[in-house]
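Below is one structure, written out as structure tokens; comments come after it.
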Amino acid sequence: MKEVNINKYCHENKSLADHSTLIGIAVFLCSFAFYAFTLAPRVIWGDNASYALSAVKMNLGISADSHPLFIILGHFFSYLPFEPAYSLNLLSAVTSSLAVLVVYLVVLEITGSTLAALIGAISLCVSHAFWLHAVIGRIYGLNAFFVMVLALILLKWRKEPTNNRFLYLAAFLFGLGLSNHLIMAFTIIGFLFFIVSINYRVFLSLKVLLTGVGCFLAGSSILAYLFILKLVAGRPVTSMMDAATGGGLKKAMVEISPKIFNDIFVYFSYLFYQFPVVGFSLIFIGIFALFRKDRIVALFLLLLVCVNAFFFISFGPGIEKTTKYTFYISDYALFSILIGYGFFTFMNYIKNKGYSLTKIFSIGLALIILLPLLLYNITPYASKALGIDLLHARTIPYRDNETYFLNPSKRGYIGAARYAEEVFKTAKLDSIIIADFTLCTVLEYSQQIKGARSDISVIDSKDNRENATHKVVSQYYGKRDIYLASVEKGYYRIGRLKNEYDFVPEGVLYRVVRKPINIVR
């Protein structure tokens, strides 16, 4: 197989090229410093609290919403001299900074331009969804890292298509990436396309295939171990496979959303919010320019984007949820590569016109950084001033939805911890609190990690087998004080209870009180 030379673009400045590695290190350190500065200092609602608990206890699972690799890494980070939730937030900052670094390396690989690589990396670093999930304990930065590093390895392999060690490494990391998030499976189409396009003969070699499968199994050994462990414990194979492939969400996964065109509009609206004006424009410049210069790489990147986007635009969990954009975060990392390539194309055009590259880069860098920062700080206030509900998110005490969701920075945010403190100050001795997942996990974290109010029983309102709220009230009313964390429709099944009970606000809780009996004389 003839080796392909893709180093057809020269660096714009030799001194920059000579220091590209040092610049890459600086990209990582600056990204981490930025995320550390805007990091959430305490526990955050929902998954963050749940992951922190799982990390401390090494509670590993194999369902679609279990992330064993992230939990294992989180367990090691829990030994840092910080609160476990903060340590988990630091883990997200580290993995997200690594993803930013790999974007820099990918753009450098396909353009040879350090300046373009910086633009691509920084555009991802300050993008809304990626930044938001880099400063709270979530798995999406690590998932983006795996997608990016696999793309980089395959681009390196394209220079030496007979060097199968790159493929073996890619197979291992693909398996490891699945151990972090099963969403990684959607990337297989793009990766296979690229391998076949460069050297399809690798699939005709039994040695290469067997070694590749072996490397994949080694990478996914965490999942294999957990599968065997659950099997030995007596859990049916069908039950585990059902959980691993989405469980109760599978209905949504096979039904096309009736609002697909609205979802497509929302997808591009999200994209614009990640990369406002300049970044958004550079994406399309990058797509068209890359198609003209290197069609295989262009198709490769677009396949990675489109397969994931199509699945979550059309199907999948979160069709009606405000957090659906989380599944697009790996797409945003890929779009940042196209931004880098778009800037590279624009830079060469401007250079040919005789303009200074230094000035163009400075202006571009300033816009890439300042426009998102400005947008994320203005939008929460503008939406409230204009009375426009962009989020349709539920109301939670000590959480301003516009600021919390639309501005990624979580510096100084202690709303969840403050909520737990007030709950445990309000609730009476030996009482019961029924709470949904978002609130329940914060209360459980405070009890199990912070040692708060062990006399109180916290019960998750979501029970697929029965109405947990109705059961608890029927069984314990009159014996123990019972509180609901919220009475919001859709989270607590209290319709049958309203005829017999009132839900009286007490602080941030609602106390269950039997209605007086009217005696007719």
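The values are calculated or read from the model by the stated rules, or taken from the named source; none is laboratory data. Bear in mind the structure is a predicted one, so any value in this text is a computation, not a measurement. In this analysis, Cβ positions are derived from the backbone assuming ideal geometry, glycine residues included, and neighbour counts consider all displayed protein chains.
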Going by the structure shown, is D430 of a type in the set (D, E), at pLDDT 90 or above and buried (at least 19 other Cβ atoms within 10 Å of the Cβ)?
-> no
Within segment 14-65, track down each residue that is more than 30 Å from Y376 (Cα to Cα), surrounded by fewer than 20 Cβ atoms within 10 Å (Cβ to Cβ) and among the polar types (S, T, N, Q).
-> S15, S20, T21, N59, S63
Looking only at segment 77-86, decide whether some residue is closer than 20 Å to S446 by Cα, touching a residue at least 60 places away in the same chain (Cβ under 8 Å) and hydrophobic (A, V, I, L, M, F, W, C).
-> yes
Can you find even one residue in segment 153-176 that is within 19 Å of F343 (Cβ to Cβ) and either touching a helix residue (DSSP H, G or I) at 6+ places or on another chain (Cβ under 8 Å) or hydroxyl-bearing (S, T, Y) (or both)?
-> yes
Any residue in segment 19-30 that's part of a helix (DSSP H, G or I): show its pairings with residues that are among the polar types (S, T, N, Q) at Cβ separation under 6 Å, as long as the two are six or more apart or on different chains.
-> S20/T114; I23/T114; F28/S97
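Is segment 283-302 home to any residue that is modelled with pLDDT under 90 and assigned to a helix (DSSP H, G or I)? Explain how you work it out, then say what you get.
Taking segment 283-302 and keeping what is modelled with pLDDT under 90, we get none.
For segment 283-302, residues modelled with pLDDT under 90 and assigned to a helix (DSSP H, G or I): absent.
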Scan segment 376-396 for residues that are part of a loop (DSSP other than H, G, I, E, B) and either modelled with pLDDT of 95 or more or surrounded by fewer than 16 Cβ atoms within 10 Å (Cβ to Cβ) (or both) and jot them down.
-> G387, I388, D389, L391, H392, A393, R394, T395
Looking at A17, A55, which one is of a type in the set (A, V, I, L, M, F, W, C) and at pLDDT below 80?
-> A17
Among (1) in a helix (DSSP H, G or I); (2) touching a helix residue (DSSP H, G or I) at 6+ places or on another chain (Cβ under 9 Å); (3) at pLDDT below 95 - the single one Y200 does not satisfy | (2)
Could we say that P397 is farther than 21 Å from R138 by Cα and in contact (Cβ under 8 Å) with a residue 60 or more places away in the chain here?
-> yes
Would you be able to tell me the number of residues in segment 360-376 that are touching a helix residue (DSSP H, G or I) at 6+ places or on another chain (Cβ under 9 Å) and without any contact (Cβ under 8 Å) to a residue 40 or more places away in the chain?
-> 1
In segment 428-455, what residues are under 17 Å from Y491 (Cα atoms) and aromatic (F, W, Y)?
-> F437
